[in-house]
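One structure is given below, encoded as structure tokens.
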Amino acid sequence: IVSASVDAKPIGLTDYEKVAYYATTGANCIALKIEDRRQLVKELLDESEFENELEMEQAGQQLWDNLSEDEKNIILEARRLGCSRFIEAVNEWNKNNPTNKIYVILFERMWFQRDGKKIEGNMESVALDFSSIITTCVDGGYAEPLIGVHAVENRIDSMNDLLPYCLTFADIINSQTNNWLKNKIYLFAGLGLGFTFKGYDDFNKVCSICDVGDANEFWNEIKKRCAGFSWVYKRFPQFDVEPKLNSYMAKYDKYEATYKGQIDRMLNLFGIGELKKFIDECSDEMYNNVLFWGDSADGMRYIQPTAEKDALKTIWLSYNFKSGLFYHCFNKEAEYDDVWANQNNILYINNGSIFKNKAYNNWEIFFDDNFKSTYGSVNELEKLN
């Protein structure tokens, strides 16, 4: 039950104090992580007994599976209440500080596929986790800070499944929340851990997001399901857990470790260039976004050599992506060097001072009260229904 609570650092603060502390950074949105089932029982495991994180994850899943239904329900209820109460504290803060509002996007890590095949029930489970918290907040009258959801690190391995899964996941949430998502923001990751939009549709043919569906058809469909959308790219050092992606990278990753080589690698091998073409097909400002999502614990710390860091910065901040880089403000520090000192976060802290990078302005519309009235009001939701 303890691990089901909101535990953002600094520890020892009430939920309201955590929100107030966060507000001092000048940021206006919290990505609230919902712990998955393995993580909810993690504290019951002895880390020293496992050789790697994957073994520990598998043990956590087995431990969860062995719990009784009553035990599972107690833990899930604690998680629902913990997250809901935190959002209630955000709502209280917003009422007391109307010129310095904070918003919340929900996210949860859970695999939708394994070995390119659907893990039955997982996608539905995440959607229901989101829905239970959304419904609690709506029923309690403090859902105003909630502006969207993010399906992150879902490990979709098959390129042909990316667009259908994206639409289906939104459908499940809308069906469980009286179409709540139709006037909110929706984020969805690329293949694997989110780091590519190009790979095998089977073990013989390579295709990109441009090859698996008509862009106009997708944008028309996604607009029916949400009021703002972004594809998410997450740079992560490992992809060997996805067999199709691993085979694809092993066969085609022949790029030089130079600045130009790494630019070409990301644009071509990872399909970022084709992703840009795909999103450019949607002229609506609230749908043709791409977000870089990462923190010091994955993308930034492990990207080597420096040429790759330079290439990543160039593509993500100079190729007209409406994007930014997030990290855990409370308990992680991004690493600073000459390349990333001014570009590594939408908001970054340097010697105690807080700065905004140029990507910040591209995202302010998501949280602007004038725009939010078009997707966040009760009247608009009633019209959708």
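Please treat every number below as a calculation from the coordinates, not as lab data. A quick note: this is a predicted structure, and the numbers were derived from the prediction, not measured. Positions of Cβ are backbone-derived with ideal geometry, glycine not excepted, and every protein chain shown enters the neighbour counts.
Descriptive notes on the structure:
- Cα-based shape type of the stretch 240-291, given that a ≥ b ≥ c are square roots of the gyration tensor eigenvalues and the cut on a/c is 1.5: oblate
- D_trans [Stokes-Einstein, Kirkwood Rh over alpha-carbon pairs] for the stretch 97-153, 10 °C, 1.306 mPa s, µm² s⁻¹: 123 µm²/s
- Shape category assigned to the stretch 41-88 from the gyration tensor of Cα positions, a/c cut at 1.5: oblate
- Cα-based Rg and Dmax for the stretch 117-248, where Dmax is the largest Cα-Cα distance (Å): 15.5, 52
- Long-range amide H partners of residue 36 with built H, under 5 Å: 109
- 5 angstrom amide H check on residue 31, placed H, neighbours 5+ away: 105
- For the stretch 207-258, the convex hull spanned by the alpha carbon atoms encloses 145 Å³ per residue.
- Contour minus Cα-Cα distance for residue 124 and residue 314 (0.36 nm per residue): 64.7 nm
- Sites residue 95 and residue 250 - FRET efficiency at Förster radius 45 Å, r taken between beta-carbons, to 0.05: 0.25
- Rg/Rg_globular for the stretch 75-126, with Rg_globular taken as 2.2 N^0.38 Å and Rg from C-alpha atoms: 1.65
- Rounded to the nearest 0.05, the FRET efficiency derived from the C-beta distance between residue 67 and residue 241 at R0 = 30 Å is 0.75.
- Computed over all pairs of different Cα atoms, the Kirkwood value for the hydrodynamic radius of the stretch 142-197 is 12.1 Å.
- Pairs from 117/184; 182/260; 205/309; 117/223; 101/244; 33/309 whose Cα-Cα separation, in the structure shown, is over 32 Å: 182/260; 101/244
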